[in-house]
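Data first, discussion second: the structure below is written as structure tokens.
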Amino acid sequence: MSTAGPGHLGAPIPANSPAFEYVYVANQRCDCGGYFAAVRQELHTLPSGPVDRLVARCKSCGAERAFDFDISSFFGQFEKYGRFHRVDDRFQEAMSCLRAGRLAEAAAALRQVVGPEEGEPAFAWGHYHLGMILLLQHCPEEALIHLERAVAIQPLEPDIHEGLGRAHRAVGQETEAQGHFHRAGKLRVRFDAREG
Ligand SMILES: [Zn+2]
């Protein structure tokens with residue numbers, strides 16, 4: 001089975017700031033369960049636009065993987081280079097609202113976090129938390145969209161498979177739900193064995 005995520009031999013990953021590229025890489029798991037860290041960066045100018053390639057190494061097993069980012073939304077526009085801090089602030093605010101039980105405010109902030117223009121649409125944890133809140137708000141169809149997006153971005157994260165399983169169950173897709181619960185369990189066993 002392929003575990004290649006978006007940007008891996010596929011379409012470049014959308015990024016709206018350089019800082020997000022590093023956040024994206026740091027959130028990616030290797031097949032061994034370890035997390036990646038960027039080791040070098042290469043700018044490629046393709047006919048379709050500028051692509052930033054981050055070559056990363058797994059912190060556990062040393063495997064290398066390249067991630068290609070579509071940086072056309074900010075490349076050369078220096079006033080946009082530092083804007084990730086606003087997305088990060090919104091995310092932190094959403095997590096505070098969530099802990100305080102203010103779900104509507106948390107959801108509103110997370111919609112901005114994953115917004116295609118001002119946010120970072122490839123931020124999996126933003127989609128994950130938004131999806132989990134939408135489940136609590138009894139909006140399972142919309143929750144499903146965000147949790148599927150989160151799994152597509154970070155396919156080796158047990159918690160995200162668990163959440164997607166719950167969304168499938170909430171819309172009556174029990175077979176798909178069981179598939180994701182099973183996947184979450186398998187990944188936990190595999191990664192715990194590595195860490196233990
Ligand atoms: Zn590894």
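The values are calculated or read from the model by the stated rules, or taken from the named source; none is laboratory data. In this text, all values refer to a predicted model and were calculated from it rather than measured experimentally. With ideal geometry, Cβ positions are generated from the backbone for all residues, glycine too; neighbour counts draw on all protein chains shown.
Taking the residues in the stretch 12-37 that are in a strand (DSSP E or B) and touching a residue at least 24 places away in the same chain (Cβ under 8 Å) as candidates, determine which candidate is farthest from the ligand (Cβ to nearest atom). The selected residue is P14.
P121 versus (1) farther than 21 Å from G185 by Cα; (2) part of a helix (DSSP H, G or I); (3) touching a residue at least 40 places away in the same chain (Cβ under 8 Å): which is the lone unmet condition? Tallying (1) farther than 21 Å from G185 by Cα; (2) part of a helix (DSSP H, G or I); (3) touching a residue at least 40 places away in the same chain (Cβ under 8 Å), P121 fails exactly one: (2). Within the span defined as the stretch 66-78, every residue fails to be surrounded by 15 or more Cβ atoms within 10 Å (Cβ to Cβ), within 16 Å of the ligand (Cβ to nearest atom), aliphatic (A, V, I, L, M) and not assigned by TED's automatic domain parsing to the domain that holds V189. Cβ separations smaller than 6 Å between residues 6+ apart or across chains give no pair from the stretch 86-111 residues that are among the hydroxyl-bearing types (S, T, Y) to residues that are at pLDDT below 95 and part of a helix (DSSP H, G or I).
Across the stretch 54-64, which residue is farthest from F36 (Cα to Cα) among those that are crowded, with 17+ Cβ neighbours inside 10 Å and more than 9 Å from the ligand (Cβ to nearest atom)? Within the stretch 54-64, the match that is farthest from F36 (Cα to Cα) is L54.
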